[in-house]
Amino acid sequence: MSKAVPPTGATFVGMPPFPRAARAAVGDAQLRHNLRKATHTIRDKRALVVEELDDWAELRAAGVAIKDRTLRRLDEHLLAVEAAVTAAGGTVHWAADAAEANRIVADLVKATGDTEVVKVKSMVTQEIGLNEALAAEGIRAYETDLAELIVQLGEDLPSHILVPAIHRNRAEIREIFVREMGEWGVPAPPGLTDDPAALAEAARRHLRERFLSARVAVSGANFVVAETGTLVVVESEGNGRMCLTLPDTLISVVGIEKVVPTWADLEVFLQLLPRSSTGERMNPYTSMWTGVTPGDGPQDFHLVLLDNGRTDVLADRTGRQALRCIRCSACLNVCPVYERTGGHAYGSVYPGPIGAILVPQLRGIAKHRVDEQTASLPYASSLCGACYEVCPVAIDIPEVLVHLREQVVEGGGHRAERAAMRAAEWVLDDPGRLRRVQRAASRSRGLIPKRAPGPGAAWTDSRSIPAVPAESFRDWWVRERSGPAGPVPSSAPGVEAIPGVEAAPGVEVAPSVELAPSVEVDESEGEGR
């Protein structure tokens, strides 16, 4: 299924709101099997390598501190990046949004005279819809990450941050390779089986031609070190190393939040990221490049620093913690909602818990610019908190989800719920109204259905409407107080009332309490010690 990405790049065109998409996804038994097997394998590996570190909590706290400190002075660090990259022979471009970033990259590629580029796996270029924008300019982009290659050849959409083709099993991948590889370059070998080693070898043969012939490459970056202008990409297959060294021109598109001030800061994240993402102690390939080095690697380097809504996110004191994200995908692998629905249900290149808080903010939920699809994302969670527990930079995703839900309601969403809350406010604001409504509900309790009608029906899919009692508590209280026993005395015999405080009718006042002999009182401070 080939789907275009909109100019904003934040959601997939034509995807339904999460509730409808999720309802269809949970009915796919094969999808649920693929997701459960993959996510449980990754999370189990992560747990083992995290347990090896006695100081994991301290390391996590250090990551939070670095990110928060950097975000508070982000403007200064970005200017330092620009100065360092320029001094090293590179060129820095600033892009306010997806359209500007796509135009910059397309112009840079056209200036080389080439019509093809190879790509390192990059979430941010998916966010802005770069492949589609380049195609509109007559430029073909070739994905070189194995999972991204599977998605591209299958005219599919990514469904996971770390493993974009997690929804595919190896039999499906074999069919895609046999059917599509020949249309893109070197075809799949005859008699290709679904053995993982055979599939990897077919991909290696197919990509080798691209690596050796490409003159332009496009990448993202996991981190940018401000003090030297060095970009860092971590990956597991070696395709990144090939793209970052062989072409003549390298264009890196990077979100402004990827900056870390120093190499000492980077060291913290190079411990947090591999353990949280692939369950490894370190990534097999960690590639770093700084500007241009004569005779070594690309001789023309361009860095595109992308905002695309990040400045707005930074302005939100609660929501800005989403910018700490290092794209490890740990939250996806423990999320019970993601495990059952998969990534496509979120309708975004950022699926799972982090996508549920990042995408609405990038698209402007606080300014009420979002559509129904995006407005549904903050509700794609059970608020169980598992995502917060595993996040290596301690993003309190449940807190941000609740914060965004408030913004959805304030922006006019969930009209039926708002109407119900206003009606409840009107009733609860006046004792007389509340009493009349309670009596009316008690008299008509036999007519109240077990299942709510209309928009409330979903709420009763897994629960019943509470039974209405035959008599309200208020009516019972009045009846009991005016019964044969008479009103309850204001204080029991022998009970000393607190001076100056008059007890309400029917309320027993607690007797005076003396301090135990062993407790001294500091008269000057008024506290026991």
- Task: Consider residue 322 carefully, then state whether it is aliphatic (A, V, I, L, M), open to solvent by 10 Å² or more (accessible area, probe 1.4 Å) and within 23 Å of the chain's Cα centre (by Cα).
- Result: no
- Task: May I ask you to verify whether residue 252 is modelled with pLDDT of 95 or more and surrounded by fewer than 23 Cβ atoms within 10 Å (Cβ to Cβ)?
- Result: no
- Note on the structure: Considering residues that are closer than 29 Å to residue 199 by Cβ and crowded, with 24+ Cβ neighbours inside 10 Å, the number found within region 230-243 is 3
- Query: Can you pull out the residues in region 370-393 that are outside any helix (DSSP H, G or I) and open to solvent by less than 50 Å² (accessible area, probe 1.4 Å)?
  - Reply: 370, 376, 380, 381, 385, 391, 392, 393
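So that you can scan it fast, the table gives a plain yes or no per residue for (1) open to solvent by 20 Å² or more (accessible area, probe 1.4 Å); (2) of a type in the set (Asp, Glu):
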{"site": "91", "(1), (2)": "yes, no"}
{"site": "112", "(1), (2)": "yes, no"}
{"site": "115", "(1), (2)": "yes, no"}
{"site": "125", "(1), (2)": "no, no"}
{"site": "136", "(1), (2)": "yes, no"}
{"site": "143", "(1), (2)": "no, yes"}
{"site": "149", "(1), (2)": "no, no"}
{"site": "153", "(1), (2)": "no, no"}
{"site": "157", "(1), (2)": "no, no"}
- Any chance residue 227 is farther than 23 Å from residue 82 by Cα and open to solvent by 10 Å² or more (accessible area, probe 1.4 Å): no
- Message: Suppose the filter is part of a loop (DSSP other than H, G, I, E, B) and open to solvent by 70 Å² or more (accessible area, probe 1.4 Å); does residue 190 pass it?
- Response: yes
- Message: What are the pairs with Cβ atoms under 8 angstrom where one residue, in region 326-352, is within 11 Å of residue 42 (Cβ to Cβ) and the other, located anywhere, is acidic (Asp, Glu)? Sequence gap at least six, or different chains.
- Response: 334/389
- For region 158-176, how many residues meet the condition of being basic (Lys, Arg) and touching a residue at least 60 places away in the same chain (Cβ under 8 Å)? 1
- Go through the residues of region 293-302 one by one and say whether even a single one is touching a Lys or Arg at 6+ places or on another chain (Cβ under 6 Å), touching a residue at least 40 places away in the same chain (Cβ under 8 Å), within 23 Å of residue 229 (Cα to Cα) and not hydrophobic (A, V, I, L, M, F, W, C). no
- Out of region 394-429, which residues are outside any helix (DSSP H, G or I) and either open to solvent by 50 Å² or more (accessible area, probe 1.4 Å) or touching a residue at least 60 places away in the same chain (Cβ under 8 Å) (or both)? 394, 395, 396, 414, 429
- Task: Go through (1) within 30 Å of residue 158 (Cα to Cα); (2) loosely packed, with under 14 Cβ neighbours inside 10 Å and name the single condition residue 99 misses.
- Result: (2)
- Query: When the residues of region 193-220 are filtered to those that are within 16 Å of residue 244 (Cβ to Cβ) and touching a Pro at 6+ places or on another chain (Cβ under 7 Å), which remaining residue is most open to solvent (accessible area, probe 1.4 Å)?
  - Reply: 215
- Item | Count of residues meeting criterion [open to solvent by 40 Å² or more (accessible area, probe 1.4 Å), modelled with pLDDT of 95 or more and β-branched (Val, Ile, Thr)] in region 163-187 | 1
- Message: Pairs needed: first member in region 80-106, closer than 20 Å to residue 311 by Cβ; second member anywhere, open to solvent by 40 Å² or more (accessible area, probe 1.4 Å) and among the hydroxyl-bearing types (Ser, Thr, Tyr); C-beta distance under 9 Å; at least 6 residues apart or different chains.
- Response: 92/86; 96/311; 97/8; 98/8; 99/8
- Message: Could you check region 63-88 and list, in sequence order, the residues that are open to solvent by 50 Å² or more (accessible area, probe 1.4 Å) and outside any helix (DSSP H, G or I)?
- Response: 73
- Message: Please determine whether any residue of region 258-278 is over 27 Å from the mean Cα position of the chain (by Cα), among the hydroxyl-bearing types (Ser, Thr, Tyr), open to solvent by 10 Å² or more (accessible area, probe 1.4 Å) and under 16 Å from residue 223 (Cβ atoms).
- Response: no
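This table checks each residue for (1) surrounded by 13 or more Cβ atoms within 10 Å (Cβ to Cβ); (2) modelled with pLDDT of 90 or more; (3) outside any helix (DSSP H, G or I); (4) not β-branched (Val, Ile, Thr).
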{"residue": "3", "(1), (2), (3), (4)": "yes, no, yes, yes"}
{"residue": "8", "(1), (2), (3), (4)": "yes, no, yes, no"}
{"residue": "11", "(1), (2), (3), (4)": "yes, no, yes, no"}
{"residue": "16", "(1), (2), (3), (4)": "yes, no, yes, yes"}
{"residue": "41", "(1), (2), (3), (4)": "no, yes, no, no"}
{"residue": "50", "(1), (2), (3), (4)": "yes, yes, no, no"}
{"residue": "58", "(1), (2), (3), (4)": "no, yes, no, yes"}
{"residue": "61", "(1), (2), (3), (4)": "yes, yes, no, yes"}
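The values are calculated or read from the model by the stated rules, or taken from the named source; none is laboratory data. Keep in mind the model is a prediction, meaning the values are calculated, not measured. Every residue, glycine as well, gets a Cβ built from its backbone with ideal geometry; the counts of neighbours run over all protein chains shown. Ligands, DNA and RNA are excluded from the accessible area calculation, which covers all protein heavy atoms including side chains. Shrake-Rupley method; radii C 1.70, N 1.55, O 1.52, S 1.80 Å.
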